[in-house]
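Asks: This is the structure I want to talk about, given as structure tokens.
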Amino acid sequence: MRRFHLDVSPEVGEVVDLPPDTAHHIQHVLRLKHGNEVIIFNGKGQEYIAKLLLADNKPRIEIKNTKLLNKQREIELILVQALVSSAKFDTIIQKSTELGVNRIIPLICQRSLPMLKKNIVEKKMNRWQKIITEAARQSERVTIPHISPPQKWREIFTGFNLPTTLKLIAYAREPLNNLKKVLRSASQYDKIVITIGPEGGFSPEEITETQDNGFIPVSIADWILRTETAGLSAISALNYHLMGD
């Protein structure tokens with residue numbers, strides 16, 4: 001059954017208009033027919049079975065029932081990713097969405113791309129949100145991760161002050177703390193923040209500053225990983241650690 005995203009929270013029996021781009025895709029690309037059933041998810045944790053109403057010039061859906069959903073992971077997973085080239089960053093946010101992150105924060109640091117102009121940020125945000133929404137649809141997630149506008153280096157220190165937040169920063173030169181060891185020894189937490197540097201990594205000064213603000217440097221592998229690999233590797237390891245029996 002085909003699956004589509006609509007930002008709605010309808011009741012059973014309600015009829016909802018389809019956005020023009022979704023209607024075009026349904027009718028002219030997928031060539032679905034009047035009466036076909038589809039799945040609608042709103043990105044906020046709800047899914048619905050709906051019937052297509054395509055008999056007139058105003059494509060709509062009729063909500064038939066709600067779907068029973070699997071319990072979502074209780075611990076929030078946040079990726080803070082240094083801003084890198086467009087193609088690499090697009091891949092990072094797409095794959096991290098597929099792997100289940102809840103929030104993505106683009107980061108400006110010493111060796112990352114510089115802060116973008118306001119008009120470029122707006123275009124980037126629209127593009128990033130489309131990539132994330134499509135990745136959530138394809139991977140059958142019921143929630144859509146939130147992506148923030150790019151943040152400057154020290155701004156990340158003010159957003160994660162609660163003691164129940166486990167704050168990690170990937171650092172390839174950290175021989176003592178690997179990710180597995182830190183997760184085993186950590187106390188209770190309801191959020192995990194994993195911070196990934198740019199090509200060339202974080203500077204020693206940045207690592208020291210994050211430690212002063214409660215971040216724990218961790219190694220993700222026994223070798224050097226590219227920035228587009230490091231975050232996805234860390235998220236995969238965190239998923240395995242958080243997986244229920």
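Read-outs throughout are calculated quantities, based only on the coordinates presented, and are distinct from any laboratory measurement. None of the values given here were measured: they were computed from a predicted structure. Cβ coordinates were reconstructed from backbone atoms using ideal geometry, including for glycine residues, and neighbour counts include every protein chain displayed.
Asks: Treating only the Cα positions of the range 37-172 as identical point scatterers, give the base-10 log of I(q)/I(0) from the Debye formula at each q in 0.16 Å⁻¹.
Replies: -0.92
Asks: Averaged over all directions, how much area does the convex hull of the C-alpha atoms of the range 167-223 cover when projected, in nm²? Don't skip to the answer; put the middle values down first.
Replies: Working: hull surface 16.3 nm².
Average of the hull's projected areas for the range 167-223 equals 4.1 nm².
Asks: Using a 10 angstrom cutoff on alpha carbons, build the Gaussian network for the chain and name the most mobile of Thr133, Thr158, Thr66.
Replies: Looking only at Thr133, Thr158, Thr66, the largest GNM fluctuation is found for Thr158.
Asks: Shifting gears a bit: Which of Gly201, Gly45, Gly159 moves the most in a Gaussian network model of the chain with Cα springs under 10 Å?
Replies: Sorting by GNM fluctuation, first place goes to Gly159.
Asks: Compute, for the chain, the length of the dipole vector about the Cα centre, with Cβ point charges of +1 (Lys, Arg) and -1 (Asp, Glu) only. Units Debye, rounded to 20. All intermediate terms of the calculation are to be shown ahead of the outcome.
Replies: On the way: 33 positive and 27 negative charges, 83 e Å.
The calculation lands at about 400 debye.
Asks: Right, something else. What is the diffusion coefficient of the chain in µm²/s, taking the Kirkwood radius over Cα pairs and the Stokes-Einstein relation at 4 °C with a viscosity of 1.567 mPa s? Working shown, then result.
Replies: Working: Rh = 19.7 Å.
The calculation lands on 66 µm²/s.
Asks: Counting only helical runs of four or more DSSP H residues, what would the 222 nm mean residue ellipticity of the chain come to if each run contributes -39,500 (n - 2.57) and the total is spread over all its residues?
Replies: Numbers: 7 runs with 75 residues, N = 245.
Helices in the chain give a 222 nm mean residue ellipticity of -9000 deg cm²/dmol.
Asks: A follow-up question, please. State the percent of C-alpha pairs, over all pairs in the range 3-66, separated by a distance greater than 15 angstrom.
Replies: More than 15 Å apart: 42 percent of the Cα pairs in the range 3-66.
Asks: With a 10 Å cut-off between alpha carbons and a GNM built on the chain, which of Gln129, Gln211, Gln188 moves the most?
Replies: Gln188
Asks: Using +1 at the Cβ of each Lys and Arg and -1 at the Cβ of each Asp and Glu in the chain, identify which of Ile78, Ile61, Gly159 lies farthest towards the dipole's positive end.
Replies: After comparing all options, I get Ile61.
Asks: Once you wrap a convex hull around the alpha carbon atoms of the range 99-207, what is its projected area averaged over all directions, in nm²?
Replies: Details: hull surface 33.4 nm².
That works out to 8.4 nm².
Asks: On to the next question. Please give the Cα centre distance for the range 141-155 versus the range 92-112, rounded to the nearest Å.
Replies: When both Cα centres are located, 7 Å separates them.
Asks: On to the next question. Straight-line reach from Lys124: which lysines fall under 16 Å, measuring Cα to Cα and dropping same-chain residues less than 8 apart?
Replies: Lys88
Asks: Among Asn239, Gly214, Pro198, flag the residue with its Cα farthest along the positive direction of the charge dipole of the range 194-245, charges on Cβ as +1 for Lys/Arg and -1 for Asp/Glu.
Replies: Asn239
Asks: Fewest to most neighbouring Cβ within 10 Å: what's the order for Glu206, Glu47?
Replies: Working: Glu206 20, Glu47 16.
By the 10 Å Cβ count, ascending, the order reads Glu47, Glu206.
Asks: For the range 76-242, what does the relative contact order come out to in percent, with C-alpha contacts under 8 Å and a separation of six or more?
Replies: Working: 265 pairs, mean separation 52.4, N = 167.
Relative contact order, the range 76-242: 31 percent.
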